[in-house]
Structure formats: structure tokens, C-alpha cells
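Each remark here refers to the structure printed beneath this line.
The values are calculated or read from the model by the stated rules, or taken from the named source; none is laboratory data. Quantities reported herein were computed from a predicted structural model and do not represent experimental measurements. All Cβ positions, even for glycine, are placed from backbone atoms using ideal geometry, and neighbour counts span all protein chains on display. Remember, those area values only see protein heavy atoms, side chains included, never the ligands or the DNA or RNA. Shrake-Rupley method; radii C 1.70, N 1.55, O 1.52, S 1.80 Å.
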Amino acid sequence: MRRRKRRRKWPICCFILTMLILPVAGTLQQSQSDVHSSAAFQNITPIDTDDAWYNQEEDLSWNVVSEGFGWVEESITEDSSAVPTVITPSDDPGEKPYPVDWVLDTSTTVKRTYYGTYSGTRFFKLFTAGQVQNKTSISNNTLIAESSVQPDFRITVNGEPQVLIMHTHTTESFEPYVRASFDPSFNYRSTDPAYNMVSVGNAITAQLEQAGIGVIHDTTIHDYPSYNGSYERSAETVQAILDEYPSICVVLDVHRDAIQDGNTLMQPVVEIDNKESAQVMIISGCDDGTMDMPNYMENFHFACRLQENMEGMYPGLTRPILFDYRKYNQDLTTGSLLLEIGTHGNTLEQAQYAGELVGKALAQTLLKLQAS
């Protein structure tokens, strides 16, 4: 009889212990299975983030941490043999060339990070792959239902432009190579298209062209010499192109994020097919009633299709879609999105590879939306 009672106590103890552990585990949501298993991603430990966001219409302020995401980090051991990837400067690098010489400050740090899968009231999963972070008053249940709706546009593969790739913050740039510290005198902007967002846009464009999808890549600089007012200037550029090419259905404003905590840069990276890629985030804006953007949900439908394809084809490539009260000229078409390709802590090579992967997933997304 006593033996039987002791057996009953053990399952009860296990149940109580499990109930104590589960809430803690749920807040982390960063199990080792979330992190790719190559040597580059070993010995990574979870760290919390603050709630802050980089306001892209204000002057540069780098002491920020990206909005609402947990992350894991890995310190980098300085490799004295590390050298920049050989990239040929353009014939016309402009007034702000990319640096040639670097002064590294050992009080600064570059930390490799990885954004995984998250739980919480602001997050929900899409049906096949990827997540959404909902920062609006619209219920998750409503957005989950909307996430399965197909975009209202259809493309044609007939040689006419279907996609516009452009950059409101064209001069945004990246780290030259993987290193443990950075040069604080560089503000991560360059007018040289070989080193700024134009090079990432080129990688996306190449994949669309290879798939036979008509694309225009506009390389106009909208954020130099003046940063403020960039979105007003890029809106004029986009509208002029749409007027000239009414066949365009999709407008992608390709940026890079800025994630920094004091003297530490974050480098969100994932290994895909034995090569390092920057992680990618889609921003799909929502109208709070003041933005004159009545068709914002159509953009969200497209964002969900693209997110599912990117994450389905390349697990780990994406961070959750940010669905928030932001406009970013997304009133101009029903296929308008902003893409954050990595951050200023990523290397140019990582960002360009991410652009290639985005281009492949985008092509597959659009080919499924061909007019019958």
C-alpha cells in the first residue's frame, strides 16, 4: 500500500515542476533548435531587448534596439586575417565614398544575433511559415483571417514592368566584413552604389529578371545631402514611374535596419546553404485614420504571401512582419511594402546574399499571381 502511494507522488511532483518551468521557457522561445547548427552559431545565449524603434524620418540616432524582438547573440573573436570582400567601387562613387581605411575602436563591439520564433499577444504565426507582429488595435483573429486572402493584383510576364525596386534611404550602407569591433566615425552611409542599398536592389532585380518578370530598379538618391524629407522625395519618384509604367503592380522600398545598443552593433545573421545571410523584415503599414491609406490591408495580403514564401524556402531568413501604424508611401499601390535587409551591423556580402534570396522568393510569389 505504501509503495502505491509513493508512485502517485512522483507524477504529481513532475507535474508541479513542469508548471513552474513552462512559463519561463515560453518567454524565451529560443531553443537551440531555433538556431542553425553550424559552428558559426554555437555557444549562443538568450538576451532580452528593450522597446525602442528607429524613427526613419529623424536625424540619425544609433543608440537604438530594434522593435519588440527577442534575440540571441554570439561574440566574435577578432581574426587578424579577416579582410574586406573585394568589391570594385563604382566609376562615380559620389560625394561620400565608402571608407578605404578603418580605425577600429576596441571599446566597440559587433555582436552576431539571430531572431527566431516568438510567442506573446502581439505575435501570431502565418498558416505555412513565418510570423506577424501586430502593433495595432486590429485583433489578431481578424489579421489571421486576412492573412490567407490573396492579393488583389495579378502580374503578366509579357516584358512590361511589373515591379519597381527603389530606395528612400539609398545611401544606407553596411559593415565591410565580419569583425569584433567597428569604426565609430563611419555613419554607415555612402553615395557609392557599389556599397549602398543599390547593390542589394541589384541582387533582387537580377533574380526577377532571371524569372522573366519585368522590373525597374530606380537608383535615385533621396537621402543625401539632406536626410529629412526623404519620403516626400521618394514619393515623387515613385509616382512619376507609376505614371509612365501603369503596368507596375508591386513597389518595394528596400532599406536596411539600424540596431545598436550603446557601443554594440547587432548583426542579425543566418546560415542558408552554407553561406551567411542577413535576416530580413517586412514592414506593412496600417492606417490609423489619418494617413489616407484605405487599401492598406491589400498590402498586408501581399506581405503575408511574400513572408510565407521567404520563410518557407529559406527557414530563418525572416523576422516577423511588422504590422504597425506607418505609411512609408504605401498608399501608392496595393503591392507596396518596405523591406529591411539586415542592419548596419551586417556585412555588405551578407546583405547582398539576402537580396538574392529575397529576389528568388519574390519571383516565386509573383509567378503564383499571374493573370489567367
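Tabulated results
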read-out: Pairs where the first residue, in region 346-363, is on the phi < 0 side of the Ramachandran plot and the second is buried (at least 24 other Cβ atoms within 10 Å of the Cβ) and among the basic types (Lys, Arg), C-beta under 9 Å, 6+ apart; value: Asn346/Arg256; Ala351/Arg256
read-out: Odd one out for Leu366, checked against (1) farther than 26 Å from Cys249 by Cβ; (2) part of a helix (DSSP H, G or I); value: (1)
read-out: Flag for Pro315 being open to solvent by 10 Å² or more (accessible area, probe 1.4 Å) and under 21 Å from Gln207 (Cβ atoms); value: yes
read-out: Of all residues in region 303-337 being part of a loop (DSSP other than H, G, I, E, B) and hydroxyl-bearing (Ser, Thr, Tyr), the one that is farthest from Met293 (Cα to Cα); value: Tyr314
read-out: From Leu362, Leu357, residue being buried (at least 24 other Cβ atoms within 10 Å of the Cβ) and out of contact with any strand residue (DSSP E or B) (no Cβ under 7 Å at 6 or more places or on another chain); value: Leu362
read-out: Positions within region 189-214 being closer than 19 Å to Gly159 by Cα, open to solvent by less than 40 Å² (accessible area, probe 1.4 Å) and within 21 Å of the chain's Cα centre (by Cα), in sequence order; value: Ile204, Thr205, Gln207, Leu208
read-out: Residue in region 243-301 that is farthest from Tyr115 (Cα to Cα), counting only those that are hydroxyl-bearing (Ser, Thr, Tyr) and in contact with a Phe, Trp or Tyr (Cβ under 7 Å, 6 or more places away or on another chain); value: Ser284
read-out: Residues satisfying the stated conditions in region 101-121, i.e. in contact with a strand residue (DSSP E or B) (Cβ under 9 Å, 6 or more places away or on another chain) and of a type in the set (Phe, Trp, Tyr); value: Tyr114, Tyr115, Tyr118
read-out: Criterion (surrounded by 21 or more Cβ atoms within 10 Å (Cβ to Cβ), over 17 Å from the mean Cα position of the chain (by Cα) and in contact (Cβ under 8 Å) with a residue 24 or more places away in the chain) met by exactly one of Pro151, Pro161, Pro184, Pro93; value: Pro151
read-out: Pair list, Cβ < 9 Å and 6+ apart or interchain, from region 129-143 residues that are among the charged types (D, E, K, R) to residues that are at pLDDT below 95; value: Lys135/Glu67; Lys135/Gly68
read-out: Residue selected from region 269-298 under the condition of a type outside the set (A, V, I, L, M) and in contact with a Cys (Cβ under 9 Å, 6 or more places away or on another chain), by the criterion surrounded by the most Cβ atoms within 10 Å (Cβ to Cβ); value: Ser284
